[in-house]
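Heads up, the thing below is written out as structure tokens.
Laboratory data are not the source of any read-out in this text; all were calculated from the coordinates shown. These numbers were taken from a predicted model, which means no experiment stands behind them. In this analysis, Cβ positions are derived from the backbone assuming ideal geometry, glycine residues included, and neighbour counts consider all displayed protein chains.
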């Protein structure tokens, strides 16, 4: 929104079923499908899976399901993995890259696959950090308990001497200072948010046929499947954004 403020944004947070990283592949695909159908029904032209888990586990499945017909030719569904993988290749010098993420993201091996497509010589060290998202969701990420757990997660990662660390979950930037402090000044920490925003801007510049269909009234609408008050408080506290989220349900069956 900072980079491209002219566009209308419809944000959907499935907070009631978060974190997705602890769910089965089948459920992640089902939840993602429900969200996509809801957003397309609301008039969305371009959907961005800002979640690393859904990008890793469900994106290709959803793209194949929804973007093969003629009527969907003007709609797009994008994710965060490829932009981050491209940035990794530009960043690493010693060809050793660490990726931290949820259980589902790491199990999918998607980051390693995308990185090695671009440079097969890069060594990818992957590490699951399943407790971080619950800590962050509860607002405990600045407490010593969360920092101690993060140190335990990163200790074996540091032994491989990577020069680049990918925060493979959109919650993790809220602990970015701790990641940087624990990993040390020589390690470049990459977060998917800013990288993906810049990549999306470049994508729209390359595809005016898509860009021209996106409405530009500066409208922002925030939807959540959980308590809107809790979502509002979390967002305002951590991002300084004043929002008025609307509660919705994503419970209908999909096939």
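Once you have a ≥ b ≥ c as the square roots of the Cα gyration tensor eigenvalues for the stretch 147-232, tell me rounded if a/c is under 1.5, and otherwise prolate or oblate according to whether a/b is larger than b/c. Oblate shape, in that a/c is at least 1.5 and b/c is the bigger or equal ratio. With the Cα gyration tensor of the stretch 68-132 giving a ≥ b ≥ c as the square roots of its eigenvalues, does the rule (a/c under 1.5 for rounded; else a/b larger than b/c for prolate; else oblate) give rounded, prolate or oblate? Cα axes put the stretch 68-132 in the oblate bin. Axis of helix 144-158 versus longest Cα principal axis of the chain: the two differ by about 70°, to the nearest ten degrees.
Taking a ≥ b ≥ c as the square roots of the eigenvalues of the alpha carbon gyration tensor, the stretch 1-150 is oblate, as a/c is not under 1.5 and a/b does not beat b/c.
Short-range pairs are left out: with C-alpha atoms under 8 Å and at least six residues apart, the relative contact order of the chain is 27 percent. Here the scattering of the chain is modelled by Debye summation over its C-alpha atoms, one equal scatterer each and no solvent; at q = 0.07, 0.17 Å⁻¹ the log10 of I(q)/I(0) is -0.24, -1.49. Helix 81-91 and the long axis of the chain differ in direction by around 40°, with both axes built from C-alpha atoms.
Across all directions, the shadow cast by the convex hull of the stretch 81-192 built on its C-alpha atoms averages 6.1 square nanometres. Note on residue 212/residue 118: beta-carbon distance plugged into 1/(1 + (r/R0)^6) with R0 of 25 Å gives a FRET efficiency of 0.25. Each residue in 214, 195 was given a count of other beta-carbon atoms within 10 angstrom of its own, and listing them fewest first yields 214, 195.
In the chain, the DSSP-assigned H stretches of four residues or longer account for a calculated mean residue ellipticity at 222 nm of -13500 deg cm²/dmol, using -39500 (n - 2.57) per stretch and the full residue count as denominator.
In terms of surrounding Cβ atoms within a 10 Å radius of their Cβ, 212, 32, 108 rank from fewest to most as 212, 108, 32.
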